[in-house]
Amino acid sequence: MSDFLSIGASAINVYRQAIATTSNNISNVNTEGYSKQEVKITESYPTQIANYYLGTGAFTGSVQRSYDEFVERSLRDSASDLDATTPFIEYTQRIVDIMGSETSNLANAIDAFFNANQLLSVEPASIPLRNEVLNSGSELASRFNTLSAQVDSVAAESKAKVNSTVSQINGLADQLLAVNKQLGRKSDVTKQPPQLMDQRDLILRKMASLVTIGVNESDNGEVSVNLGGPGRGFVFVDSRGTQRVGIANDSADPSSDVQLVLDPRGKKQPIPVLNGGELGGLLAFRSEVVAVVRDGLDHLAVEFAANVNETHRQGVDLRGSFGGDVFSIAPSYDISTDAVTGDISVAMEVIDYSELPSNTMRVMYRESSDSWLVFSGATVYPEAELSADNAFTYKGLQLIVSGQANDGDTLTITPRDRPATTFAMTLNDPYELAASEPMSLRPAVSNSADLSAALSYIPASARSEGFENGISLSQLKPNRSSESDFVLSASNNRPVLKIDAGSHSQTVLFDIGPNSDQKIQIFTAESAHLAGTSLTSAEATALKTGDGGFNTTAAYSSAYLNKSGTDAYLDNAIRLGAIGFRTERLVDQIDPITGSLITESVAFEAAISSGAIPIYENTSGASEDYIADGTLSLNGNALGPLTLTNGEVLSAATVKEWLTDEADRLGISDVTIEASNTLIVNEIDPSKTLEINGESISFDPSVTMAEMVDIINASTNDTNVRAEWLSDSSFKLVNAAGHAGENIVLGGTDSTTALNLSTGVYTGRFSIASAEQSEVALTIASGQPSDMGRLGFYTGIYSDQPLNEELAVFVTGTGAVGASITNSRMTAAEDTEQQLPAAPYKLNFTAESVYTITDIATDTVVATRAFEYGKPIEYRGTSISFEAKPSKGDEFFVEANSSPAGNNKNLLALMEWSKRPIISGQTFTEAYLDLVTGVGSRSEMSELRQEALKVVYDQAYNSREQASGVNLDDEAANLIRFQQAYQAAAQVVQASQKAFDILMRIS
């Protein structure tokens, strides 16, 4: 039954709790993460009396904390965005201060270096001024090193901060897991202690300030947390446990890549880029600032050293020697084989400084495709797939792998020393500073007028790239078998092959048969025809039309076609045919005295050997020249004709007799010519018949291999063929004495004989050798490659000396031709000795519109060109311009500079690099300043972003404070209100007491 005593008592209890809650709010006004609490006052269930209800008072339904999920999420997200800007701005500004300071500013050092060169150009022989150039270069190198080291120092600090932040994140994850476990004891969030919920939200806010997170809340208040935001799939805290955050490929190197992973000791799941929180800001700084600055400095160091060195090497110093490198860079990498199980060894070499990787690379072998997959950092997708050759190249690194890798074997390549860190001044002798140009221009004294001409040099990057068509010989590998390496289609208007200047020692062989119409023609870019068959000017022009590598102003010249000795082009004969050279090789042998293995140099005589002689029978009805007179040459001497009588069948013996007679006629001594014919028998079939050279060979059906040898030898006098035992399962047929090289004709009643060899004519082979001469050469004179094919030879291309220019090789005619590369001599190995831009040459105007270029040393006219006044004459890296139009008969000589002391032309060329747009259309100084400006702009933009994000954060914070924060004014008002209600409730109780007393007195 309702009475006002119980109503008053319940009210007193309610407002006592309300006052206590308000007092708790006031006392926790400065408690971090505290959310204000509210007492939920609920009306008690009324009592029904007759037809009406009487209230029974109120009671405390619950004490709840003020919480808005959306406001809390907004606060976390805005804090994460804002906190990301703080480390980014702090560290970026330090980089700006370093790069812009007077003590480490690279732009000033670059300008000082070029200014020192400019002062020296006024007095190029001055030793003090030369020393000043060396000093400025040393200072520049020091600036590169210092700047790189200081950037690395900041990078190291940022990396240490990344490690610390990751540790904090893992620590907060552990705390959150502990809270989750406590929350898991209740099934509904309304039953959770407010203090525990506040602790959960505070941990989440701290976590969001370190890294962007996504939070999913369950019904009981437990949460799971995703790195990078909601829905990212990188859960690292939930009700069951945590996954640690770690760094893959962690290294002491401050410049090494930072790749975050989940579960670093287990599955190592890579985490994509994180943009928010302190960790996101640190990672953004490393990827957007450190990596950019580091790569920019390295690229600047590589380009500066390469361009200055290139120009300096083209000059001449005070001693008359070519200049060396002014600067050096020595980037290096560590290679780890810890993840390799196969039996392999790995060597690595830097071959191109311009594109070296700046981050850790992993190279993994994939057995299914026999290839190497390249990964950058800890990425899961390869950025390249390379063929698993013995040596393969990627980003300027060449890896040489020996042995057999197993599937999954992984090589880890880590940068150790970068270009900017190792940039050094290598020149230290002022006399070795190459101020002078390497060549000088001298007009002939007989020139018709005082005509002024200027000589300049063309940078390697601006020179012609050579022929556009054809396979480059230097890119092909020597053939290790008798089969062709590649197949070429004959073309009558473009090269099929190009022989590089300075390529390694190789010979290309063409398999052109005896009846082929294919011909080989070899040209220079200046249209000089060096080897092949005679062409008309129209035919030569037609050949060149399909390739822009030919100089269009040059006229066709056959003056050096197939010439040798001093009559050859540049005194270097380009020959077609078959040539064998005397060589010496190191051979392992057993010492007969000690029995130990020793290596001795053994001389191998010059020799060439043919393939099987083509089958040919003269059926013309009269004698004919199988090889025409003067078609081929032996050791430079034209051979007479190889004549076959009517009905005569060609054999190796016939060729031997012809060559022997011709050698005697020409007086070629110390040459041994041999012929032979050998057939290998690996099994016999006694069920078949056998005839040898028309003689029937009889044998028993059960004959054995050994018996067959005896039976054949019993008929040698009739067949001129004998059998020689090789092993238990094979023997060979050879010519009998006095019949070397003759054809062997096998016959029988079946297409296959008892020797398991087809019926038909088997021709022999011949060889030419010399123990004394340095070479044996059977070459084309007035003939063509099919003449070599008529004698069983491939047609090879041979050069007497190293080639100093690229040559175009045409194969004309129809059809395809097989070709192969051998290790026989084509050119000498690469010449590392410095050379003049061009061999000394003479320019002679044979007419006002025509001039010739003549190599002075060999008196070879290398080019005859049309002249157009106003355009410079360019030849092999040199350029000549005229102030007035030359006249017929005018000559100019371009020679090695004999007076380097007073010449400053190379210094002027070097100074030009300070003005040229080398790096992305900018000079070296501009590129550096642009790098500094770019970093500064990033810092300024981040500061502006920070200001904007601060407004967003403040709004989110204020919203949270309005929703969940303790407001002392509101709490004071609540306190007064609840106190008054409490007092009123007390009055009700007091009134009930008085009423009770009155009733007691009445009774």
For this session: For region 586-613, enumerate the residues that are over 30 Å from PRO785 (Cβ atoms) and part of a strand (DSSP E or B).
Result: LEU586, VAL587, ASP588, GLN589, ILE590, LEU597, ILE598, THR599, GLU600, SER601, VAL602, ALA603
Exercise. Do we find a residue being of a type in the set (Asp, Glu) and touching a residue at least 40 places away in the same chain (Cβ under 8 Å) anywhere in region 33-49?
Worked result: no
Seminar exercise, completed: Screening ALA956, ALA981 for residues that are surrounded by 14 or more Cβ atoms within 10 Å (Cβ to Cβ), touching a residue at least 24 places away in the same chain (Cβ under 8 Å), farther than 30 Å from VAL302 by Cα and in the same structural domain as GLU32 (by TED's automatic domain parsing) leaves only ALA981
Exercise. Given the structure, is LEU140 within 20 Å of VAL293 (Cα to Cα) and in the same structural domain as GLN243 (by TED's automatic domain parsing)?
Worked result: yes
Exercise. Does LEU318 meet the test of being hydrophobic (A, V, I, L, M, F, W, C), part of a loop (DSSP other than H, G, I, E, B) and farther than 25 Å from LEU297 by Cα?
Worked result: yes
Problem set entry | Given (1) free of Cβ contacts under 8 Å to residues at least 24 places away in the same chain; (2) more than 25 Å from VAL290 (Cα to Cα); (3) within 36 Å of the chain's Cα centre (by Cα), index of the condition ALA112 fails | (1)
Exercise. Which is charged (D, E, K, R), in the same structural domain as LEU757 (by TED's automatic domain parsing) and in contact with a helix residue (DSSP H, G or I) (Cβ under 7 Å, 6 or more places away or on another chain), of GLU695, GLU691?
Worked result: GLU695
For this session: Take the residues in region 349-376 that are surrounded by fewer than 16 Cβ atoms within 10 Å (Cβ to Cβ) and not in a strand (DSSP E or B), then tell me which one is modelled with the lowest pLDDT.
Result: SER354
Exercise. Are any of the residues in region 415-434 assigned to a strand (DSSP E or B) and polar (S, T, N, Q)?
Worked result: no
For this session: Scan region 321-345 for residues that are of a type in the set (Gly, Ala, Ser), in contact with a Pro (Cβ under 9 Å, 6 or more places away or on another chain) and in a strand (DSSP E or B) and jot them down.
Result: SER332
For this session: Just name the residue that is farthest from ILE880 (Cα to Cα) out of those in region 421-450 that are among the hydroxyl-bearing types (Ser, Thr, Tyr), surrounded by fewer than 24 Cβ atoms within 10 Å (Cβ to Cβ) and within 34 Å of the chain's Cα centre (by Cα).
Result: THR422
Seminar exercise, completed: Filter region 626-659 for residues that are assigned to a helix (DSSP H, G or I) and of a type in the set (Gly, Ala, Ser); the one that is surrounded by the fewest Cβ atoms within 10 Å (Cβ to Cβ) is ALA653
Problem set entry | Residue selected from region 58-82 under the condition out of contact with any strand residue (DSSP E or B) (no Cβ under 8 Å at 6 or more places or on another chain) and not charged (D, E, K, R), by the criterion nearest to SER942 (Cα to Cα) | LEU82
For this session: Name the residue, out of GLY277, GLY315, that is modelled with pLDDT of 85 or more, buried (at least 23 other Cβ atoms within 10 Å of the Cβ) and on the phi < 0 side of the Ramachandran plot.
Result: GLY315
Problem set entry | Subset of region 451-461 (residues that are closer than 30 Å to SER887 by Cβ and surrounded by fewer than 15 Cβ atoms within 10 Å (Cβ to Cβ)) | SER452, ALA454
Exercise. Among LEU561, LEU509, which is assigned to a strand (DSSP E or B), in contact (Cβ under 8 Å) with a residue 12 or more places away in the chain and closer than 30 Å to ARG790 by Cα?
Worked result: LEU509
Problem set entry | Residue among THR846, THR854, THR878 that alone is exposed (fewer than 15 other Cβ atoms within 10 Å of the Cβ), outside the structural domain of VAL289 (by TED's automatic domain parsing), β-branched (Val, Ile, Thr) and touching a residue at least 12 places away in the same chain (Cβ under 8 Å) | THR846
For this session: Give the residue that is modelled with the lowest pLDDT, with candidates limited to residues of region 803-847 that are polar (S, T, N, Q) and over 29 Å from the mean Cα position of the chain (by Cα).
Result: SER824
Exercise. Taking region 167-206 as the search range and keeping residues that are within 18 Å of PRO230 (Cβ to Cβ) and in contact (Cβ under 8 Å) with a residue 40 or more places away in the chain, which one is surrounded by the fewest Cβ atoms within 10 Å (Cβ to Cβ)?
Worked result: ARG205
Exercise. Does GLN946 satisfy the condition of being touching a helix residue (DSSP H, G or I) at 6+ places or on another chain (Cβ under 9 Å), surrounded by fewer than 16 Cβ atoms within 10 Å (Cβ to Cβ) and of a type in the set (S, T, N, Q)?
Worked result: no
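Each row is one residue, and each column tells you yes or no for (1) of a type in the set (Gly, Ala, Ser); (2) touching a His at 6+ places or on another chain (Cβ under 6 Å); (3) over 21 Å from GLY738 (Cβ atoms).
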{"site": "GLY611", "(1), (2), (3)": "yes, no, yes"}
{"site": "SER620", "(1), (2), (3)": "yes, no, yes"}
{"site": "LEU666", "(1), (2), (3)": "no, no, yes"}
{"site": "ASN682", "(1), (2), (3)": "no, no, yes"}
{"site": "LYS688", "(1), (2), (3)": "no, no, yes"}
{"site": "ILE697", "(1), (2), (3)": "no, no, no"}
{"site": "ASP700", "(1), (2), (3)": "no, no, yes"}
For this session: Test ALA736 against the stated conditions and say whether it is out of contact with any Gly (no Cβ under 6 Å at 6 or more places or on another chain) and farther than 30 Å from GLY630 by Cα.
Result: yes
Exercise. So is ALA538 in a helix (DSSP H, G or I), over 29 Å from GLN801 (Cβ atoms) and touching a residue at least 24 places away in the same chain (Cβ under 8 Å) or not?
Worked result: no
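Per-residue answers, yes or no, for (1) farther than 14 Å from VAL316 by Cβ; (2) among the hydroxyl-bearing types (Ser, Thr, Tyr); (3) touching a residue at least 24 places away in the same chain (Cβ under 8 Å); (4) buried (at least 18 other Cβ atoms within 10 Å of the Cβ):
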residue: PHE892; (1), (2), (3), (4): yes, no, yes, yes
residue: ALA896; (1), (2), (3), (4): no, no, yes, no
residue: ASN904; (1), (2), (3), (4): no, no, yes, yes
residue: LYS915; (1), (2), (3), (4): yes, no, no, no
residue: SER920; (1), (2), (3), (4): yes, yes, no, no
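The values are calculated or read from the model by the stated rules, or taken from the named source; none is laboratory data. A quick note: this is a predicted structure, and the numbers were derived from the prediction, not measured. Reconstructed Cβ throughout: ideal geometry from the backbone, glycine too, with neighbour counts over all protein chains shown.
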